[in-house]
1. Restricting attention to the range 33-53, and to residues there that are part of a loop (DSSP other than H, G, I, E, B) and surrounded by fewer than 17 Cβ atoms within 10 Å (Cβ to Cβ), which single residue is modelled with the highest pLDDT?
2. Does LEU103 count as in a loop (DSSP other than H, G, I, E, B) and among the aliphatic types (A, V, I, L, M)?
3. Suppose we keep only residues that are basic (Lys, Arg) and farther than 19 Å from ARG17 by Cβ within the range 114-139. Which one would you say is modelled with the highest pLDDT?
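The values are calculated or read from the model by the stated rules, or taken from the named source; none is laboratory data. Bear in mind that the values here come from a model prediction, so they are computed numbers and not experimental data. Here the Cβ positions follow ideal geometry from the backbone for every residue, glycine too, while neighbour counts run over all protein chains shown.
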Amino acid sequence: DAIYPGIIIQKMVNSSRAGVVYLNEDKIVIKAHWGLYGLMDLEKVKPDVYIVEDSELAIKDIEINNQAYAFVRDDNLGQTVKREIPLSRRSVQILSEAEVKRLAKVAVEISSIIGENKMLEWGVDEGRLFITAVKPLTRSETYQDEVYDESNLTERLDTITEVSLNITEI
């Protein structure tokens, strides 16, 4: 009857889209960026923000923001590079409404298993959704604006590159 978590370390999730999910008592806040999330300069690039009502998973608000660049993995160079987003895609909604609801549902399921509200980092790689980290909310993280202590940045990047959980079947 006990649940024992298991993690398989397989590869870096090369996200075309990524972000975080915060679970609050009555809402779910999803933030989304193009490319790899952990490297984004959160002061210069505003994420898309999706507010979902927790009880019915109804989308209450969508804020689309113009994103000029993204960090992506360049396999030819063997490194992560900063790439400009084409003008035609800069103000395009990053997640469809179906993807928002699916991500919200997964976040609620994970939170119910763990038993407390957490911050989930996620990424979409070749159409597959991955949860790349599950962390406790800290005092420096808010629901309206993301604020990260720079000392946590290395820890966040290590987590993103070392852990991937494929939840495609959920």
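1. For the range 33-53, the residue satisfying everything is LYS44.
2. no
3. Taking the range 114-139 and keeping what is basic (Lys, Arg), we get 118, 128, 135, 139.
Retained after the next criterion (residues that are farther than 19 Å from ARG17 by Cβ): 118, 135, 139.
Numbers: LYS118: 78, LYS135: 84, ARG139: 58.
My answer is LYS135.
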